[in-house]
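**Q** Attaching a single structure in structure tokens format; questions to follow.
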Amino acid sequence: MTTGGLKVLGIGATGLLAAAAALPPEPGRGRAGRAADVLTAGALIAGAANLVNLLDLRPGRALKSVLATAPLAGRSGGPAVLGGAVAGAAGALLPHDLGEEGMLGDTGANAAGAVLGTAFVAGAGRRSRLAALAGVVALTLASERWSFTAVIESTPGLREFDALGLTPQM
């Protein structure tokens with residue numbers, strides 16, 4: 001077993017546990033329905049963790065993505081608190097990441113994405129979770145074919161957002 005394999009298993013298991021804890025019980029759903037919901041929500045949480053990690057290639061990029069998507073995490077109550085907590089942490093860390101005084105790395109990026117995914121799972125309905133999972137899977141598959149950095153650098157709006165707060169290179 002490689003460290004990469006352990007990472008995949010660990011993130012997957014953590015996603016499943018977070019999903020089981022975050023999903024509210026639905027009366028009349030049954031065991032099979034609950035299991036399907038936990039599996040898809042766990043995949044979404046693990047996928048969100050991986051996706052934020054895939055963006056952590058330039059200073060501030062992953063944290064800006066967290067700040068940009070945190071409002072989607074929940075509308076009120078617990079999900080909004082989780083989304084607010086990850087946004088607050090991202091905002092506090094952003095100046096250090098942009099200034100290249102520190103970096104998230106795999107652990108920080110995966111954790112930020114997992115908390116964001118958990119907040120979304122806790123506040124979204126089944127259809128929204130499935131749509132978000134489809135989007136995360138599509139972006140992850142796209143990252144195997146196209147460089148996110150190349151796409152960001154060639155896309156107006158994304159390029160400017162990516163450069164926001166960075167010190168120009170000489």
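**Q** How far is the Cα center of segment 8-58 from the Cα center of segment 91-105, in Å?
**A** Centre-to-centre distance over Cα atoms comes out at 27 Å.
**Q** Let me ask you something else. Order 82, 6, 133 by their accessible area, 1.4 angstrom probe, all chains in place, largest first.
**A** 6, 82, 133
**Q** Next question. Under a 1.4 Å probe, what is the accessible area of the chain per residue, stated in Å²? Numbers along the way, then the final one.
**A** Details: 9620 Å² over 170 residues.
Per-residue value: 57 Å².
**Q** Got a number for the accessible area of residue 148? Probe 1.4 Å, square angstrom, nearest 10.
**A** Surface open to solvent at residue 148 totals about 40 Å².
**Q** Would you list 147, 65, 154 from the most to the least accessible area, probe 1.4 Å?
**A** 154, 147, 65
**Q** Also, I was wondering about something else. Return the Rg/Rh value of the chain, two decimal places, where both radii are evaluated on C-alpha atoms and Rh is the Kirkwood radius. Mind showing how you got there, number by number?
**A** Values: Rg = 16.5 Å, Rh = 16.6 Å.
We get a ratio of 0.99 for the chain.
**Q** Follow-up. I need two numbers for segment 1-80: Rg to one decimal and Dmax as a whole number, Cα atoms only, in Å.
**A** My reading of the Cα-based Rg and Dmax gives 14.9, 47 Å.
**Q** With the chain treated as a Gaussian network of Cα nodes joined by springs under 10 Å, which of 98, 51, 141 yields the largest mean-square fluctuation?
**A** Of the options given, 141 has the highest mean-square fluctuation.
**Q** Tell me, what is a quarter of the convex hull surface for the C-alpha atoms of segment 38-103, in nm² with one decimal?
**A** With the hull built on Cα positions only, its mean projection is 4.5 nm².
**Q** Using +1 at the Cβ of each Lys and Arg and -1 at the Cβ of each Asp and Glu in the chain, identify which of 73, 36, 134 lies farthest towards the dipole's positive end.
**A** It is 36, whose Cα lies furthest towards the positive end.
**Q** Counting only the heavy atoms of the protein chains, how much of residue 167 is accessible to a 1.4 Å probe, in Å² to the nearest 10?
**A** Only protein atoms counted, so the area is about 100 Å².
The values are calculated or read from the model by the stated rules, or taken from the named source; none is laboratory data. No experiment lies behind these values; they were computed from the predicted model shown. So basically every Cβ, Gly included, is an ideal-geometry build from the backbone, and we count neighbours across all protein chains shown. The accessibility values were calculated without ligands, DNA or RNA, using every heavy atom of the protein model including side chains. Shrake-Rupley method; radii C 1.70, N 1.55, O 1.52, S 1.80 Å.
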